[in-house]
Structure formats: C-alpha cells, structure tokens
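Let me begin by presenting the structure, written as structure tokens, before commenting on it.
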Amino acid sequence: MNQRGNALVWVILAVLVVAGLVYWGTQKPAENNGVVENETETETERVEIPEGDLKIGVVLPLSGDAAVYGQDFLPGIELAVEEINAAGGVDGHQIKLVVEDGKCNPEGGAAAGTKLINVDQVNFIVGGACSGETLGFAPLANEAKVVSISPSATSPDITTAGDYTFRTAPSDALAGSIAADYAYNDLKAASAAIIYETTDYGQGLEKAFAARFAELGGEVVVDEGFATGDVDFTAQALKVKNKNPEVIYVVPNTPTAGIQVIKQLRANGVLAQVLTAEVLASDDILKDNPVDLQGVVAIEPYYNQESAKAAAFLAAYTAKQGNGPTFPFFAAGGYSDVYLLAEAITAVGYDSTAVARYLTGLKNWEGALGTISFNEMGDVVTQYAIKKAVDSRYEQVKVTP
Amino acid sequence: MEIYVQLAWNILTLGALFGLMAASFSVIFSVTGVVHVAHGGVIMAAGYIFYSFVELGVPALAAATAGIFAAGTLGVILNILVYEPLRRRRRVGTGMMIASVALLIILQNTLLAVWSSQTRTIDLPFLHLPPYSVWGALVSPLSVLIFVTSTIMFLGIFWLMHKTRLGKAMRAVSDQEDVAEVVGINARRVRQITFFVGSVVAGVAGILAAMLYNLDPSRTVTYAVDAFSYAIVGGIGSIPGALFGTYLLTTLSTLGGFYGATAIKSVFAFLAAFVILLVRPEGLLGKKRL
Amino acid sequence: MEAYVIHVVTLAAIFLIATLAFNLQTGWAGMLSLGHAAMMGVGGYTLALLLRHTDAPYFIALLAGVCLAGALSAGFSVLSRKITSHTYSVLTLWFGFVIAAVLMNWRELTRGALGIPGIARPAGFAEEFPFLLLVLTITTLVYLVVDRLTRSPWGRALGAMRDDEVAATTLGKNVVAMKITVSAIAGGIAGLSGALLASFLRFIDPGTFGLPLLVLLLVFLVVGGLASLPGTVLGVVSLLAVREGLRFLPFSPELVGAFREIVFAGALLLVILYRPKGLLGKVELE
C-alpha cells in the first residue's frame, strides 16, 4: 500500500475517534436491559399485531454435525404454523416463519439471531436446538426483549440466560440423576459404566448420573467420554468389558454415535443392560437397528403420547414426512413452542414483555407435550418416562413422579 | 486374556479399513500431487449409493459394485472439472488443496441435501450372522470380510504399482512428469486412471465402513482428516507406509483410550503424528517431503 | 436493520484482525499455519477465564490472551523450525486439534463443552455501537502495525525467506529467528481477535474455534489474496457480505443450511479456478 493509502487509514482512525466522542457526548443513561419490568408496575396497554403477517423467527442447526436436529424439528414447527394458519391464524394474522441456520455454535447463533431480530424485526423466536447457538443469541435477544422458546437446549446455563429465554426441554442436570435412580433402585445395579459424548449435553448428563449413582451407594466403574466425530469405540467397549458393570449408561449427542457405541459394545460381547437418553428413544431408530438396540432402556422427558394432541401431532408429522420424528419429544416441543407463542400472543398481544410474563406464570398448559408448566426461571417442569425397546417399539415401563 | 485377543483383532480390522482409505489417498497424491481432501466425500458417496441400492432390494454384491463404480466415476469427474483445469493454470500445491477443501464441503452438503442427516443403517442378513469365537474373542463375519477384502486390495495396489506397465507409468509420472512425457507417457491419461483407481479403492473402503459404522454426512470430514493424517505419517507416496502409519496411529489411539482416557484418544494419535513428522518430515517410509 | 449491520461489521472487523495476521504469516513469511483458529481460542479462553475467576482489569486480561497465544505460537515454531511447506501446515493443523482437545477436556478449568457464558466487555463499551468503535479502532491499529511491518526491511526479508529460504540464509538473514518472531506476532494477533470475539459474543464454547472457523479464515485469506493487506480487507468484507447475503435468498427452509454451504464453497472454488492469486493477491500459493 502506498503513502496515500496510509493517510486514508489515519483518516479512518480520526473519524472513529470523532464518532466515539460524539456518541458518548449525546449518550443518555443506559436503560435497564433484559429484565422484565417489575410486576407491581401498572398494567400496560395491549399491543396489537402489526399489519400483515405475524413473523416468527426460527433458529436451528441446518448444516454440519447437528443438522439432524434442525431437519427433524423443522417439519414439526412448520406443521404447527400450517395448522394455525388454516384455522385463521393468530388474531386474524397468518404466521410466517423466517428460518435461519444457527450452525449449533455461538457465532452462528448470534449471527442468525441478530438478523432475525433486527432485519426481520421478529418479536418471537423458536429455537435454537443446541445450547451453544441458543446461548449465542440469548444476550442479544434479552436486550432486544425478544422471546425465544427452545425445544431442546438442555444446558443448565439456559436457566440463567435471561428472562426472555424459555425452553420446553428440561435442564440435563435432572435426566442424569433420574437414570441413576432407575439403575440403582429399579434395576438393583451396584456398579455402572458411563460412556458419554464430550458435548454440553453429554457432559451434563454424565456428571449428574455419576454424582447421583455414587450418592445412592453404587459404584461407577468406568466413566469414559468420546469426541464428536469418533467412529471407533473399541477402547470404551473393552474397558467396560474388563470391569463388567451391571448397567451401562450411554449418552450420545446424535443417534449415529449412540447406535455405534451400543453396536460395538454388543460386538465385543458386552451384554449388560444399556440405559440411554432421549436421543435414541425413537421407534424409527429402533426399527432401523432392531438387533443392536433390543432391550435398551431409554429415559426421556415424559409426555403423554396417547393424549389427543400428542397423538394428532405424531400422526400429522408422519403423514407430512413419511416417517415419524427422530426425536419425538423434541420435535413435539418445537411444534408446541409455536402453539405456546400463538396462544400467548392471542391472550396478551404482540408486546414481547407481556408474552414473557404470560409464559413465566403459565401453568398446566395442554399441548402436544401433554400438560406443561414453566417455573419462574423459564424452565419447563417435567416428569420422565422410562421406556424399554421391545421388538420394534419402545414400551413405557414407568413414569417418574 | 481374551480382552487382549479382542483388542488385537479390533485394531487389525480398524487399521485394515482406515489403511485402505489412507492408501487410496496416498496413491492419488503420489502420482498426481493433489492433496485430495475431498476423498472423504468420495468414500461416503460410495456408502450412500450402496445403501440406496440395498434399500431398493438390489443384491448386495450388485449394490456394492454400483457404489464402487460411482466412487470411481466421481473421482474422475472431480479431476476433470477441478484439478486438471487448475493444473493447466499451473495451480498446484496449496491452491489445489484449498480447492479440495471446497469440494469436500460441497460433497458433504450434497449428501446432506439428498440423504438428510438421519443415520442410515445397512440392513443385510449377512450383518446379523453370529460371530465366531476365536480364543475367547468375538470375530464377526463383517470384520473378517473387512480384513480379507483390505488385504486383497493392498496386494492388488502393490501389484498394479510394481508389476504392470500402468504402474510403471504411474510411478514415472509420480517421479518426474516432464521426463515421463518425453518417453511417450500420456501424463494426463495416467492421472485420470489414477483418480479412477484411487477412488475405486476408496469406494471399497466406503462400503465396508458403511456396514461397520453406518452412514451420516458428517463422517465425510472424519474420514478425510483420518485418511490424510495416516497417509502423511506413513510417508507420502508409499503404499506400505500408508498402511504402517495407519496401524501405528490407530494402535496408539486405541491403546491410549484403553489405558488412558477415551475422550482424548485421538490426541494420542495426533501427538504421535506430530512428533514423527517433526523428526522425519518425509514420514515413516516416505522418500520425498510433502 | 442498523443493529444487524453493526453486528456484521463488528464481526467483519474481528475476523479481519485474525486474517491480517494470517496473511502476515502465510502471505509474507510463506508459512501456512492451520492452527490459527486454535490460537484465537487460546486468546478467547484466556480472557474469558481471567475475567471469570480473577479481578484482572479487562485490558490486562486481553493482553494476557495476546501474550499466551503469541507464546504458544512462538514455542510451536521453535519446535518446528526445520519444517517447511505443507508439512508445516499439517503440523499446525494437528497442533490446533490438540489445543481444541485441551479446551474441550480440561473441564475443571474451561468447563469443557458447556462453554463460558456471561463474558464481559470493557467498561463503557458494553453496548453494540461503542464496542464496534473499539473494535474498529483496534482493527485499524493492527492494520497499521502489520502494514508497517511488511514494508520494513524485516518484512522484505520475510518475503525473501518465502521465495527462497536458502538464498535468504546465504544473504545473512537469520531465518529461524524470523520464523519464530513472525509466528509470535501472528499468534498474538490471532489471540487478540479471539479475545474480542469472546467479548463480542459474550458466550464461547470449544466449538466456536473449531474447524468451521479455520475454513472460514482460510477462505477469507485465499479469496482476498496473499501478501496484500487491502486484498485481505476486501476478502473479509466481500465474503461476509456474500455469507450474509445468502440469508436473503429464498431457499426452501429444509435445504437452507446445505445450499448456503454449497454456494459459499462454490464461490471459493471459482475464485481459485479463475483468479488464482485471489482478488488482490501479490503472490500465488506455492
């Protein structure tokens, strides 16, 4: 670059300094961002939905390793929109989805969220699927007072991500301890092995399981992780075989990895009872891998699949896609999230603060997830179902209180 | 005791399968000079095509042939559409490698768009046969198939490279392209054939891997990085080297996982690879540097 | 809309910092380091952890990130001082994998895959626009520093080393010292970029600095062109514009992820095929 170019850089620098000075000169005291105004405040006016379609943003991973989530939830979300629109929309406004790829990472989530919030001017977002992308856009969304509901972000940090961040999936701290309870109390296992994927989800469940199982008096004899993308699990399988535990708790992030772990355990002659999480709890996965997954027990957040709304959702999804959802609980969650938003908007109007306050206090809401309630932190209060793979479907063994 | 027999047999099959991927990568690199990272996409494409034909009810052998042939064709197409034009513009080395990364992304996302990210499992009665018991270790028919097929393929590649006129031409192009041209070898044609042969071998590996590890588009990157790393450690351009490098690193990562922590088992392999290349930049059995 | 533009421009400026350093090392010194994204991770995690666990002032934490990334990068180049060309690139790639594995598995320190939420921005720059001004100021300074370096006698010596290492040695240049210095500078600047990215996103996890980020930086560099700083600016700005522009094309939602990736990679392929030196590059990739 020549001397003139260099001078240009100095000019840019000078402009920056001036812009900064002007900015701070004219700056008003900062507003209090990201906090739902105190409840003692007088009732605000109901805000009507602006002219035209009601835009709802969607952030899901649609490329890369985690695309399996996005591709699975999106049809359910679209289904809810089609149904609501066919029934006349929300207050007469048709819902229009704006879908962005959050890529399952913080940067992707932040970029997708900013675009939805500022360009499409959405007040409401369904997503993200991964905790990483959700935590990526959560600070921005809370500052802009945009309500988001995630069907599947399970990181404990989501709880404290902000007052506008909701989820219909439980924090993974709980699921691991439920699995430990079942292993120790129901299966009467004194020793357990854990094989988990080193992701926020796998790590969260592993930690909770290990802590709870030890507290109950059991012994965790093998506690081994695997990296996303690993294909060979010989070392894990043989370590487990060496210690011969009574149960094995397998926590993968995607079905591909989970099937592979169980397949290789069996191929190496490890026949102990396998416990796993919702990732492998779909009948479709079982139908594709009937031999390897036979007898596996999956612990999934409970929802009454026989309830009219849940059954209707599953039937409509299957009709639309030709197969059922890979993650029935999460996909039903995405579908419900749209209905939750639509109902909240119908009840209290377009103002996102009013919607956030409505959701925070929501109790015993009936949807495709059965009856759900949110606690004051925006987390859903859930029970767990324990299901066993028998032939080509998972049969419910019991439901935790 | 049987644990160690099992460990040894598992490493033997694992190394045979990945050795095939590494060897096919190495053949292509040594003859054409292309750091063909998109190889991972070719491997997976063979698996997916095999899967689709099996689902249609085509007999397994015919489906496998289709997958292998498709892989070979895909390799040749990539060469014609991207690598040869780059070579005509005198773009070799790093530019070619980055083009290959772009191809890898394109292939992975094409697989994602066509077959979706759902896990695809090959369903053949053969895969459900009970395993043999050898000294207390379980030996599945699939692992025997992998080991036998890979061994035959290795011998085949070795024979092709060292006992045939084509192999002689390939080695000539590999050593000194201009000289090869002078003695009447059509280098362009040799490269074309090399891409076909290398991709066919990759296709075989892809089909075996599909049966053993199932299918998921994200495997594309895993196979690409693994084949690439093993081939480089073994020594670029050396087929026995690729096999040796693969066995060394898969053994290290499996034992590292078995005796240490499995979450970082690939770290053991990468660290070993790192040290080997620091000490011997041309790789274990390689003659020239990358 | 403004807030979106501010977001994208801030991101572009942060990526530009990293890509400038990338170009210094690759374009001038001829060392294609594929550990660059991992160095950003080192800077980002150092800042985030210091702010989380100590009372360190923001800029001290930032500086610590820069120094640690620079030191790691320099230490690596001491080890690999005899290694050239592709072998060097492959080694840096593995080095990056090992660092990523440390971030992922040293749970007591980094919280592993859970990542670190609530990363602070410096006082007075917490909001989007002031933060953008801060980042732009730093980016401009980095640009000036790198520009000055490349035009100094040392920068010309780097070019000589890239073109012919043996000749440079014969001319009395200390090639090893140059490699170590340039690695330290490039690594440090990458760390700076990573630390700013952590502040900007306010949440990072090991995946933030993974293979996709590395590929993105590589694409910026190659499309912009080697050994040209204006080229790097153009590369980063135009490709981020393409990436963001693709959001506005009406792909069907089911295929949106895959198609955007394909179009982006296709654009890269076309540049390599038809403009081998990139948009404004001075030298070709060897």
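The values are calculated or read from the model by the stated rules, or taken from the named source; none is laboratory data. No experiment lies behind these values; they were computed from the predicted model shown. Cβ sites come from the backbone with ideal geometry, for glycine too, and all protein chains shown count toward neighbours. Just so you know, the surface numbers come from the protein's heavy atoms only, side chains and all, with ligands and any DNA or RNA stripped out. Shrake-Rupley method; radii C 1.70, N 1.55, O 1.52, S 1.80 Å.
The table below lists the values:
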read-out: Candidate residues A:239, A:96: accessible-area rank, largest first, probe 1.4 Å; value: A:96, A:239
read-out: Probe 1.4 Å, accessible area per residue of chain B, Å²; value: 38
read-out: Solvent accessible area, Å² - residue B:94, 1.4 Å probe, full protein context; value: 10
read-out: Accessible area per residue, Å², chain C with all protein chains present, probe 1.4 Å; value: 35
read-out: Debye equation applied to the C-alpha atoms of region C:198-286, log10 I(q)/I(0) at 0.10, 0.14, 0.16 Å⁻¹; value: -0.30, -0.58, -0.73
read-out: Length-normalised contact order for region C:196-240 - Cα pairs under 8 Å, 6+ apart - percent; value: 24
read-out: Total accessible surface hidden between A and B, rounded to 100 Å², 1.4 Å probe; value: 2900
read-out: Separation in nanometres of the label points that stand 7 Å from Cα toward Cβ, at residue C:163 and residue C:108; value: 5.3
read-out: Cβ-Cβ FRET estimate between residue B:160 and residue B:259, R0 fixed at 51 Å, reported to 0.05; value: 0.85
read-out: Cα shape, the protein assembly as shown, gyration tensor, a/c 1.5 rule; value: oblate
read-out: Peptide B:225-235 - average C-beta neighbours from other chains (10 Å radius); value: 2
read-out: Residue order for A:130, A:104 - accessible surface, 1.4 angstrom probe, largest first; value: A:104, A:130
read-out: Förster radius 22 Å - calculated FRET efficiency between residue B:61 and residue B:133 (Cβ-Cβ, nearest 0.05); value: 0.20
read-out: Prolate/oblate/rounded label for region B:210-265 (Cα gyration tensor, a/c 1.5); value: oblate
read-out: Degrees, to the nearest 10: A:200-216 long Cα axis against longest axis of chain A; value: 50
read-out: Chains C and B together, accessible area buried on both sides, 1.4 angstrom probe, square angstrom; value: 3400
read-out: Nearest 10 degrees, 0 to 90: helix A:308-321 Cα axis against chain A principal axis; value: 80
read-out: Cα gyration tensor, region B:167-268 - rounded (a/c under 1.5), prolate or oblate; value: prolate
read-out: Accessible surface ranking that places the most exposed of B:123, C:164, A:232 first, with a 1.4 angstrom probe; value: B:123, C:164, A:232
read-out: Buried area at the C-A interface (accessible, heavy atoms, 1.4 Å probe, summed, Å²); value: 4200
read-out: Gaussian network model of chain B, Cα within-10 Å springs - most flexible of B:36, B:162, B:128; value: B:128
read-out: Crossing angle, helix B:165-175 versus chain B [Cα axis fit, 0-90 degrees, rounded to tens]; value: 70
read-out: Fraction of accessible area attributable to carbon and sulfur, the protein assembly as shown (%, probe 1.4 Å); value: 63
read-out: DSSP-defined beta bridges in chain A - what % are antiparallel, rounded to 5; value: 30
read-out: Counting DSSP beta bridges with both ends in the protein assembly as shown, the antiparallel % (nearest 5); value: 40
read-out: Estimated FRET transfer efficiency (residue C:5, residue A:323; beta-carbon r; R0 45 Å; 0.05); value: 0.60
read-out: Area accessible to solvent at residue B:280, 1.4 Å probe radius, in Å²; value: 90
read-out: Where labels lie 7 Å past Cα in the beta-carbon direction, separation of residue A:312 and residue A:14 in nm; value: 6.8
read-out: Rounded accessible area of residue B:188 (nearest 10 Å², 1.4 Å probe); value: 110
